[in-house]
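A quick write-up on the structure given underneath.
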Amino acid sequence: MANDNGTASELTGGIVAEPIANKLAADLKEISVAEFFERNKQILGFDSLHRSILTAVKEAVDNALDACEEAEILPDIDIKIEKGTTKDELVMTVEDNGPGIVKKQIENIFARLLYGSRFHAIRQARGQQGIGISAVVMYGQLTTGRPARVLSKIGPEMPAYEMDIYLDTKANRPEVVRSEAVHWDKDHGTRVTISLSAKYAKERRQSVFEYLKATAIVNPHAHITFLEPTGETYVFPRVTDKTPAKTESIKPHPLGIELGTLMKMAKATEAYRMTSFLIKEFSRISQRTAREVCRKADVDELLRPQDMNRVQAMRVLEAFNMVKIMAPPTDCLSPIGDSLMRKGLRKEIDTKFAHTVTRAPSVFAGHPFQVEVGIVYGGDISADAPVKILRYANRVPLLYQQGGCVITHAVEGIDWRPYGLEQRGGTGIPVGPAMLLVHVASTNVPFTSESKEAIADVPEIIDEVQLALRECARKLKAHINKKERLKKIAEKYEIIQKVLPRLAEKSASVIGKKVPPIDVVVTKIMNVVVIEDNTEHDVVDGKGITTVGIDVVNYTPKQRNITIACKVPVAELGKVDPKPSRREEGLVVWKVTKMEPTEKRHITLELVGLEKDAYEEAEVFFEGLKADQVIGAEPL
Amino acid sequence: MAKDRYIKAVSELEKIAQEVYDDFVKGEIPKMSLPVRTKTNIVFDDRHHVWKYGRSLTHRSAKELGSAYTLLRTMYVIDFIREMVEAKKSSTLREMYYISEGWEMAKFPDQDSSNSLAEDLEIITMSLREDFKLRPEEDGARVIGNVTIQEVNRKGEKKVFNCRDDVGDSGYGIPYNVEKEKLTIKEVDADFVVAIETGGMFDRLVENGFDEDSRSVLVHLKGQPARSTRRFIKRLNEETELPVIVFTDGDPWSFRIFASVAYGAIKTAHISEYLATPTARYLGITPSDIVNYDLPTDTLTDQDVNALQAELTDPRFGDDYWQGEIKLQLDMNKKSEQQALAKYGLDYVTDTYLPEKLAEMGMTK
């Protein structure tokens, strides 16, 4: 499917680099756009009626989210799918509160293939992934004969414009059939309505509903409303007012460049000599590095870049690999962030345990990328089904081709059994009440094919994903261990508080004696110091107060001394009682001395200024007793 | 005499409570020890020629939640038995299970655990559950043959009847108590006893008149035989010196039925000398029969294979005969039912198979 049409692979594979896009535009003219479209429906995401509606919604929503992000607006997105006038016809309407589109650009954005600012910039954006909203407009037009209707407004004092637009498939030009200024009771935003041949089924795993749910998880700053054809409305509410950091565009990094691109960049540059070309057009090339590259490549520093021949270009590429070049800047990436990921997961999945890991940005072949992983465990999640993997590339959910994706392979390659999940033979997708979220953000996500549903097995990416997964898995194991320990404590308590008193009573009554004392037996049965903790969060005067309570009970037959340590995040300490004996990096330490058998001590610790989900489960450690003499904490 | 038996049992039971009480007083964690009740802990008793529990002990300590509850239930059961003995009542094991509903946190989670606790108490006090005034749910199976029995019925009257002439086609039903105070074997005119696993085969032999033709006593085992059935067979064997042969399906579960008749069951190994008939012999269906008689078969299931594997390491099946047959069955991966013999006609079992097998075993001339 991918390779029988050269045009197609260039179409999407080279979307970031302008020269290829130019070449493509030239190629496109040689066959009719409609014909091209028909031949490549699968690549473009319109190969079935079920998939078509998903692709359409996805393009429109991705555009809306990107537009809001660029304008730093908290997105309010309404999606409506209605039945059309004929069988298998649906009408999709997507409305956002984004910055709007200036009037003369409306027609180009919606009815001209490959039109848009994104193709020229290297940065992380959702829209990189799809063929674009114009393809949806064209699909709708080809299947229903109806134009797209677009309504947009760029400011409160500005008129709104509504247009009906066709795409002239021969010339790849918009054809506006109606355009008028209208009143729209909205400060700014865009609404697009497209009729298309499609089928809607909510139950499908790869459905609009699933896509929106997955999208809501990684965009907790968005408010998304979805009206189904059945009239049912779903709301995915906003849970944070923080917009993701705006992504900066960067120049290409030398290590990510291909020969053809290098030569085209050299032809197009305004620089007069090689050194200035390298410094100006690439990121991370200094005067010194540029000279070193020229020397290693045996190319004159003063050579006009336009005159560089193929052989020289190849040597420059080789030289890029010989000199030390700093990794590309990573501020062009926009990770979701631990806190938002947790909020997103929590809002859609009711669960007991959530942990997230955001890896530091890394680089493959000159492209910066960053991996984030979240895990949730317990709660509503089915315990005997394979773990669900939510895959994302640049915040866009990947719904198809799970088996062919580096994310899936990374999950399958880990032996999850030591971490508390079931897994046949220690490979494959684990089974258990868990769900994984994996996000790969990059200026150039290496997809396996043009349909952009699976990420290729790039070693650097698989390593990063696995490192993050293992970190999550370790936290999961700690959580499960703690749960098991708590269960053991609960069992011991049941013995000493419920069963033992009754056993003493009953054994005495059978032989007609007085009830015997049980205290010594109690300490012998427990024979541990029990540590229990709980964490509560409150907001006082707008400030988050996280209160950690730690109970220490000496259930051993002897007097005991123990040192208790609580791991704390970077935060201001509020009330601490009793006074800690010391504080060191991330730890608050108390010495608890001379505890008599069955004596109980209480420790309170307040952390000020944390959000609710920043610190949900205290990590308590101890020192001074053997590991098997203590229950409820880990040895320090 | 019977009364002494109950009082003795109660005083044995009270010792268990006394030990728990003493542990509390001494400040020690209450516990109870009893033999490990698995195949790893059964040994051959040379005196009785049966398999009994060995010396491995398991300890039930109040340190563990499950064991703590079992100890507590034990106290309740002891109390309950004592009340029954005092009130001259008795109950079924199932009734005890339902009575435990009123024991609050000490109630049994299921009937298996109440049955099992009753067995534990038998073992610890070296008594029979009948001594505890507990009787089983399971009834004994059926007997047809020329045996004359005297039973004391519920009105205390002595009834004498012949298990061939005075019964209908379903035969004489073995009561749950077959001890001497209840049942006496008066007279027997037969050459051997055939214990049969399935009702279908029992009825086939009855219909074909095998008991009369071959001068045998037919006993229906009804699957894994109840204690009273095994006890009845043992008494027949001991008191009348009739040899016992066991005729079952040809699968691992049937071999276990034979083992429980001849060697003693693992669950009741504490009373094997009382229940098992060491001279009982296995007739078939053997894995060799499946081959020799070319019987219709089913493929072994995973559970069958696991059961056979387990039997290979079961000391009761340690002799060459069983090791050979079990390995043969594993090799051919097939099993057969008794009634598969009908392949050759309804009379084949009585006309050909049994006479051939009995001759092979030296039971007939």
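Tell me, what is a quarter of the convex hull surface for the C-alpha atoms of region B:266-316, in nm² with one decimal?
Orientation-averaged projected area of the Cα hull: 5.1 nm².
For chain A, what is the calculated [θ] at 222 nm in deg cm²/dmol (nearest 500), taking -39500 (n - 2.57) for each run of four or more DSSP H residues and dividing by its residue count?
Helix-only estimate at 222 nm: -9500 deg cm²/dmol.
Computed on alpha carbon atoms, what radius of gyration and Dmax characterise region B:216-365, expressed in Å?
Spelled out, the Cα radius of gyration and Dmax of region B:216-365 are 15.3, 43 Å.
For residue A:246 and residue A:498, what does the FRET efficiency come to when R0 = 60 Å and r is the distance between their Cβ atoms, rounded to the nearest 0.05?
Step by step, r from the Cβ atoms, then E = 0.50.
Pairwise over distinct Cα atoms, reciprocal of the mean inverse distance: report the Kirkwood radius of region B:136-255 in Å, one decimal place. Walk me through the numbers on the way to the answer.
Details: mean 1/r = 0.0697 Å⁻¹.
Hydrodynamic radius (Kirkwood, Cα pairs) of region B:136-255 is 14.4 Å.
If you wrap a convex hull around the Cα atoms of chain B, how much volume per residue is inside, in Å³?
Per-residue hull volume (Cα only) is 156 Å³.
Looking at chain B as a GNM with Cα springs under 10 Å, which of B:179, B:337, B:157 has the largest mean-square fluctuation?
So, out of B:179, B:337, B:157, the one fluctuating most is B:157.
Highest GNM mean-square fluctuation, chain B, Cα pairs closer than 10 Å: which of B:29, B:144, B:266?
Residue with maximal mean-square fluctuation among B:29, B:144, B:266: B:29.
At R0 = 56 Å, how high is the FRET efficiency between residue A:350 and residue B:352 if r is their beta carbon distance? Nearest 0.05 is fine. Can you show the working numbers first?
Working: r = 70 Å, r/R0 = 1.25.
With a Förster radius of 56 Å, E is 0.20.
Taking every alpha carbon pair in the protein assembly as shown, what does the distance histogram look like in 20 angstrom bins from 0, in percent?
Per 20 Å bin, starting at zero, the Cα-Cα P(r) for the protein assembly as shown comes out as 10, 26, 24, 22, 15, 3, 0 percent.
Near residue B:21, within a Cβ-to-Cβ distance under 14 Å, what is the net charge of the other residues, with Lys and Arg +1 and Asp and Glu -1?
0
Can you give the translational diffusion coefficient of region B:2-135 in µm²/s, computed by Stokes-Einstein from the Kirkwood radius over Cα pairs at 37 °C and 0.692 mPa s?
Once the numbers are plugged in, D ends up at 209 µm²/s.
Mind checking the mean number of beta-carbon atoms from other chains within 10 Å of the Cβ atoms in A:495-505?
Mean inter-chain Cβ contacts per residue within 10 Å come to 6.
Under 4 °C and 1.567 mPa s, how fast does region B:31-71 diffuse according to Stokes-Einstein, given a Kirkwood radius computed over C-alpha pairs? Answer in µm²/s, whole number.
Roughly 113 µm²/s, to the nearest whole number.
Need one number: nm distance between label points at residue A:314 and residue A:382, each 7 Å from Cα along Cα→Cβ, rounded to one decimal.
5.6
Note down the relative contact order for chain A as a percent, whole number, built from C-alpha pairs under 8 angstrom at least six residues apart.
So the answer I get is 9 percent.
Remind me, relative contact order of chain B in percent, using alpha carbon pairs under 8 angstrom and six or more residues apart? Numbers along the way, then the final one.
Working: 570 pairs, mean separation 51.9, N = 365.
Answer for chain B is 14 percent.
Against the 2.2 N^0.38 Å scaling, with N counting residues, where does region A:350-478 land? I'd like the Cα-based Rg ratio to two decimal places.
Normalised Cα radius of gyration, region A:350-478: 1.00.
Let me confirm one metric for peptide A:398-410, namely the mean number of other chain beta-carbon atoms within 10 Å of its residues' beta-carbons. Kindly include the intermediate steps, with their values, before the conclusion.
Numbers: counts 0, 0, 0, 0, 0, 0, 0, 0, 0, 0, 0, 0, 0.
Partner-chain Cβ atoms within 10 Å, mean over residues of A:398-410: 0.
Once phi is turned into θ = phi - 60°, what whole-Hz ³J(HN,Hα) does the Karplus curve with 6.51, -1.76 and 1.60 give for every residue of region B:170-177, x standing for Gly and Pro?
7, x, 8, x, 6, x, 6, 9
Which residues does the label zone of residue B:288 cover in region B:329-352, counting backbone N under 14 Å from a point 7 Å along Cα→Cβ?
Answer for this model: B:329.
Expressed as an acute angle from 0 to 90° and rounded to the nearest 10, what is the orientation of the C-alpha long axis of helix A:133-144 relative to the principal long axis of chain A?
Long axis of A:133-144 versus the principal axis of chain A: about 70 degrees.
Please give the helix A:208-218 orientation as an angle from the longest Cα principal axis of chain A, in degrees from 0 to 90, rounded to the nearest 10.
It is inclined by approximately 70 degrees.
Which lysines does residue A:41 reach when only Cα atoms under 20 Å apart count, and residues fewer than 8 places away in its own chain are ignored?
By straight Cα distance, residue A:41 reaches A:29, A:58, A:170, A:199, A:452.
Per residue of B:77-84, count partner chain C-beta atoms within 10 Å of its C-beta, then hand back the mean as an integer.
For this peptide, the per-residue mean of nearby foreign Cβ atoms is 1.
Based solely on its DSSP helices, what 222 nm [θ] is calculated for chain B when runs of n ≥ 4 H residues each add -39,500 (n - 2.57) and the sum is averaged over all residues, nearest 500 deg cm²/dmol?
After summing the helix terms and dividing by the residues of chain B, the value is -12500 deg cm²/dmol.
Tally Lys/Arg at +1 and Asp/Glu at -1 over every other residue whose Cβ is under 11 Å from the Cβ of residue B:160; what's the total?
Neighbour charge sum, excluding residue B:160 itself: -1.
Using 7 Å Cα-to-Cβ label points, what is the residue A:306/residue A:171 separation (nm, one decimal)?
Rounded to a tenth, the inter-label distance reads 3.2 nm.
Nearest 10 degrees is fine. How inclined is helix B:227-240 to the longest principal axis of chain B, computing both from alpha carbons?
That works out to roughly 60 degrees.
For each pair in B:107/B:155; A:475/A:612; B:8/B:31; A:104/A:202; A:524/A:567, compute the distance between the two Cα atoms and list the pairs where it is over 28 Å.
B:107/B:155; A:104/A:202; A:524/A:567
Every number in this text was worked out from the coordinates using simple rules, so none of it is lab data. All values reported here derive from a predicted model rather than from experimental measurement. Glycine also receives a Cβ, built like all others from the backbone with ideal geometry; neighbour counts cover every protein chain displayed.
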